[in-house]
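One structure is given below, encoded as structure tokens.
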Amino acid sequence: MTGRGKRAIEDHFDVSHELEVQLEAAGKFDLLEEVRDILPEHVTAVAIRQPRPLGLGHAVYCAKKIIGDEPFAVLLADDMIYGGRNPVLLQMVDMFDKVQSSIVAVEEVDPSETHKYGIVSMTPVDDRSGKMEGIVEKPLPEHAPSNLGVVGRYILTSEIFDHLENIPKGSGGEIQLTDGIAELMKNQDVYSYAYHGKRYDCGSKLGYLAATVEYGINHKDLGDDFKAYLKEFVESLDQ
Ligand code: G1P
């Protein structure tokens with residue numbers, strides 16, 4: 001999903017012809033491979049523009065025509081989740097293979113912060129998953145059914161589109177994905193999943209900086225040098 005002023009994202013996944021020619025001429029073949037691997041050959045990138053900021057539910061609804069009847073994943077880029085070799089979406093796809101129902105990623109949030117998240121109530125199925133009984137967008141702490149907050153990873157069945165088409169504006173005057181899921185739950189099972197991984201709220205500047213450090217440390221080429229630099233830098237702060 002994209003919109004006005006975000007062309008750089010589409011360009012990132014497009015072939016960068018001039019750059020490839022330059023890298024080839026300069027003999028920088030490892031960089032060339034990296035640039036070509038941005039979009040693996042079996043993947044096609046399609047961008048849809050959300051013409052007006054009417055809410056997350058509306059943004060998802062805009063993708064209806066290209067998704068059709070398939071189950072699909074929604075990833076909110078603000079929530080960066082480090083899963084190492086076990087990415088959160090892969091964990092959720094594995095779970096979908098078993099339950100064949102929609103799944104919402106959740107984590108326990110500070111009870112005083114429920115007004116920042118979709119909040120779910122559920123009956124536990126096992127350590128990590130639960131059958132959802134309710135979901136409400138950004139309730140005040142005194143109205144929250146639990147402190148289980150929705151994190152920006154969802155696998156949804158295509159029936160969600162029928163509900164997104166019909167729901168009224170919700171919290172913040174926006175068409176909320178949460179409200180669409182609440183409707184979907186009246187006809188289908190929806191599961192919560194407490195993922196393995198560490199979330200960074202990249203919607204906040206501090207969260208973005210923290211994510212940059214952790215991803216830097218784990219980078220396959222730069223990681224060791226970056227870690228050594230950081231250690232030295234942190235020690236110098238104590239002096
Ligand atoms: C959105 C969703 C909310 C969810 C959150 C996770 O809210 O509407 O239910 O908990 O993402 O990051 P936003 O943060 O876009 O306001």
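Derivation of every value follows stated rules applied to the coordinates shown; laboratory data play no part. Just so we're clear, the structure is a prediction, and the values are computed from it rather than from any experiment. Note that we place each Cβ from the backbone using ideal geometry, even for glycine, and neighbour counts take in every protein chain shown.
Near residue 226, once Lys and Arg are set to +1 and Asp and Glu to -1 for all other residues with Cβ below 13 Å from its Cβ, the sum equals -2. Within a straight-line Cα-Cα reach of under 17 Å, residue 231 can be paired with the following aspartates and glutamates, leaving aside sequence neighbours fewer than 8 residues apart in one chain: 214.
Can you bin segment 130-239 into rounded, prolate or oblate? Criterion: square roots of the alpha carbon gyration tensor eigenvalues sorted a ≥ b ≥ c, rounded for a/c under 1.5, prolate for a/b above b/c, oblate for the rest. It comes out prolate by the Cα gyration axes.
What's the magnitude of the charge dipole for segment 62-198 around its Cα centre, counting Lys and Arg as +1 and Asp and Glu as -1 at the beta-carbon? Answer in Debye, nearest 20.
220 debye
Cα centroid distance between segment 3-27 and segment 175-231, in Å? For segment 3-27 versus segment 175-231, the Cα centre distance is 26 Å.
Using a ≥ b ≥ c from the Cα gyration tensor of segment 1-119 (square roots of the eigenvalues), is it rounded, prolate or oblate, where a/c under 1.5 gives rounded and otherwise the larger of a/b and b/c decides, a/b for prolate? Don't jump to the answer; show the numbers that get you there.
Values: a/c = 1.93, a/b = 1.65, b/c = 1.17.
Prolate, since a/c reaches 1.5 and a/b exceeds b/c.
With Cα atoms defining each centre, segment 145-171 and segment 68-119 are spaced 12 Å apart in the structure.
Students often get this wrong, so check it: of 65/138; 64/138; 6/116; 98/169; 116/169; 116/186, which have C-alpha atoms separated by over 27 Å?
Too far apart for the 27 Å limit: 65/138; 98/169.
Just checking the listed ones, 153, 49, 36: in the Gaussian network model of the chain with Cα springs under 10 Å, the one fluctuating most is 36. Where only DSSP H runs of four or more residues are counted, the chain gives -10500 deg cm²/dmol as its mean residue ellipticity at 222 nm, each run worth -39500 (n - 2.57).
Of the trypsin sites (Lys or Arg not before Pro) in segment 185-234, which ones lie in a loop per DSSP and count no more than 12 other C-beta atoms within 10 Å? List each step's numbers first, then the result.
Numbers: sites: 186, 198, 199, 205, 220, 227, 231; in loops: 186, 220.
Those that pass, being in a loop and sparsely packed, are 186, 220.
Dipole orientation for the chain: of the candidates 172, 63, 125, 172 has the Cα lying most toward the positive pole (charges on Cβ; Lys, Arg +1; Asp, Glu -1). Is the shape of segment 149-204 rounded, prolate or oblate, going by the alpha carbon gyration tensor and its root eigenvalues a ≥ b ≥ c, with a/c under 1.5 for rounded and a/b larger than b/c for prolate? Since a/c reaches 1.5 but b/c is at least a/b, the shape of segment 149-204 is classed as oblate. The charge dipole of segment 120-239, taken about its Cα centre with unit charges on the Cβ of Lys, Arg, Asp and Glu (plus for the first two, minus for the last two), comes to roughly 40 debye.
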